[in-house]
Amino acid sequence: MENTPKRETRKSSVKVEFALWVMLFLGATILVLTSFTLSQEREALTREVTRRGLALAQYVATHGQDPFLTNDKLMLATLVGDVMKNEDMVYALMVDRNGRVVASDKSDLIGSAYVRPPGDYPLDRPSGRTFTWRHPLAGLVIDVGIPLILQGTTKIGEVHLGVSRSTIDRVVNQAWRQVMLVAFIFLSGGLLGSFVLVTFVLRPVSELTKGAQAIGAGYLNYQIPAMRNNELGQLAVTFNRMTRELKIATERALEQERIKKELQLAHQIQQTLLPKQTPEAAGFSFGTLYRAAKEVGGDYYDFFWLDKTKLGMVVADVCGKGVPAAMLMSMARSMLKSIARNYTTPSEVLKELNRLLSGDLKNGMFITVLYAVLDVPKKTLTYALAGHNPGLLVNPRSHKAKSLSCEPPCLPVGLDRGAIFEKLIQDKKITLAPHDVVVLYTDGVTEAMNAEREEFGESGLQACLEGQGVEADAAALIQALDGQLTKFCGDIPQNDDIAAIILQVD
């Protein structure tokens, strides 16, 4: 009788089995942690997008009330068009109380009945409401609605903006990919370390579980205590590194998105503060140039009539660049325009501006200003300098140039609380002759650099103006200056804001 070989029973390895359980546990923990964290970040992004949508809708409701009442279709179209320039904006429209579309980014909807999205709600509170619905073309869209309230009681219409959720999904998907990469590294290290953990299973595993639970609850600052200098210790280090990288990745994505949206909105607001057109004055022509080194800048220029014969002109440069400088510029612009009509000379205007601003500005913050008043019938220009570049007076026919400087020089606005500033500030007055060209500018013009780190300089500015001849008006001169700056700098990035006003006598 043949002997039948016994069938061997395959034994499982404790280390392999433990490793599989550890991998299963860690994988589930990472999945829960990632899902929870990204869910929280998705909610945070949704709240941020909704908040911005409400801010834009409130902006349209505030600035669109008067055009809405007067049926100013051009202004309403401009408001809607400005809103649609925002990224992820799907639609923008205004509806009257009869349910008719008054303004829309799609002209064929104007005058038609407003078809509310499925599940829409009545706008019965001034703060507005939002809800999410599936747009047939854009997918998930957050509808932001705000009522138009007249005198706080009467509802005259509604504003509806549709904001796509595509940016939220893109940011979350990017964070998901980063988490998956880190999770792969973590799990690879965990597989190796689990073979050693079987000997010290109680305390090390409890520490890991405690850390995973803390991080899964949203405590991304939690760090697992240091363990033995072996695979288990490496596993703890890897887990901590993954947590830090997850926190950094999500915070960075949120911060970048927040900054991007804020800069876009700040740029749109700043552009509305600049004059829409140059003034019309008999015997004079005007040209303007403005380039921000970033999305928003700290330089600005402005025109405003003080009376029927006197025109105020200002160019200013706020220290620094970006959003802080733009905010300070906006505040200074509003103050200067409000006080300019209460004083007779530029120096008095700048004294009052310095009194108002110097107490509020932090150390190191200041504004350089050149403020001038043009008397149109008398053809005289009275000006004062507060730490700013002096203007330039050029006659292309005689090739004579004169710097509009003041001696002694005065401090910028905001550096001194009054005594020294008021002692140094002074007025200068010049009489303009035919063909005279006056240039008021910020230092971004003369300090523009080329690849050899050479500055454009006052000589380059003078040569540009003289080279155009007496036939060129101010618009042609400003166009020539813009072209010369572009040609001079080439591919070198702009390192400072640029603002300039050109005044030419006929």
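The values are calculated or read from the model by the stated rules, or taken from the named source; none is laboratory data. Please read all numbers here as calculations on a predicted model, not as lab measurements. We place every Cβ from the backbone using ideal geometry, glycine too, and count neighbours over all the protein chains shown.
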### Task
Check SER127 against each of (1) over 27 Å from the mean Cα position of the chain (by Cα); (2) surrounded by fewer than 15 Cβ atoms within 10 Å (Cβ to Cβ) and name the one condition it does not meet.
(1)
## Note on the structure
By residue number, the members of the range 439-455 that are surrounded by 14 or more Cβ atoms within 10 Å (Cβ to Cβ) and either in contact (Cβ under 8 Å) with a residue 24 or more places away in the chain or not assigned by TED's automatic domain parsing to the domain that holds ASP317 (or both) are VAL439, LEU440, TYR441, THR442, ASP443, GLY444, VAL445, THR446, GLU447, ALA448, MET449, ASN450
### Message
Filter the range 339-363 down to the residues that are surrounded by 17 or more Cβ atoms within 10 Å (Cβ to Cβ), free of Cβ contacts under 8 Å to residues at least 60 places away in the same chain and not in a helix (DSSP H, G or I) and list them by number.
### Response
LEU361
### Task
Would you be able to say whether some residue in the range 315-322 is closer than 21 Å to VAL445 by Cβ and assigned to a helix (DSSP H, G or I)?
yes
### Query
Which condition number in (1) closer than 20 Å to MET94 by Cα; (2) in a strand (DSSP E or B) is the one that PRO126 fails?
(2)
### Message
Looking at the range 105-112, can you tell me whether even one residue there is within 24 Å of GLU41 (Cβ to Cβ) and among the basic types (Lys, Arg)?
### Response
no
### Query
Within the range 413-427, how many residues are surrounded by fewer than 22 Cβ atoms within 10 Å (Cβ to Cβ) and either outside the structural domain of LEU477 (by TED's automatic domain parsing) or in contact (Cβ under 8 Å) with a residue 24 or more places away in the chain (or both)?
7
### Query
Hey, does the range 113-122 have a residue that's more than 30 Å from ALA28 (Cα to Cα), assigned to a loop (DSSP other than H, G, I, E, B) and either in contact with a His (Cβ under 6 Å, 6 or more places away or on another chain) or β-branched (Val, Ile, Thr) (or both)?
yes
### Message
Please go through (1) more than 17 Å from ILE420 (Cα to Cα); (2) free of Cβ contacts under 8 Å to residues at least 40 places away in the same chain for SER330 and return the number of the only condition it doesn't satisfy.
### Response
(2)
## Note on the structure
Restricting attention to the range 147-166, the residues that are among the aliphatic types (A, V, I, L, M) and either surrounded by 22 or more Cβ atoms within 10 Å (Cβ to Cβ) or assigned to a loop (DSSP other than H, G, I, E, B) (or both) number exactly 4
### Neighbours by Cβ (under 9 Å, 6+ apart or cross-chain): first from the range 130-141, free of Cβ contacts under 8 Å to residues at least 40 places away in the same chain; second outside any strand (DSSP E or B) and polar (S, T, N, Q)
THR132/THR46; GLY139/SER166; LEU140/SER166
### Query
In the set TYR441, TYR383, which member is closer than 20 Å to GLY287 by Cα, among the hydroxyl-bearing types (Ser, Thr, Tyr) and over 30 Å from the mean Cα position of the chain (by Cα)?
TYR383
### Summary
The residue that is modelled with the lowest pLDDT, considering only those in the range 123-163 that are farther than 11 Å from LEU54 by Cα and of a type in the set (Ser, Thr, Tyr), is THR153
### Query
Does the range 381-425 hold any residues that are at pLDDT 95 or above and of a type outside the set (A, V, I, L, M), and which are they?
THR382, TYR383
## Note on the structure
Of the residues in the range 19-61, those that are at pLDDT below 80 and farther than 22 Å from THR167 by Cα number 15
### Query
Of all residues in the range 51-77, which are surrounded by fewer than 16 Cβ atoms within 10 Å (Cβ to Cβ), more than 17 Å from GLU158 (Cβ to Cβ) and either free of Cβ contacts under 8 Å to residues at least 24 places away in the same chain or polar (S, T, N, Q) (or both)?
ARG51, THR70, ASP72, LEU74
#### Entry: Within the range 478-506, considering residues that are farther than 30 Å from GLY283 by Cα, touching an Asp or Glu at 6+ places or on another chain (Cβ under 9 Å) and among the charged types (D, E, K, R), the one surrounded by the fewest Cβ atoms within 10 Å (Cβ to Cβ)
ASP496
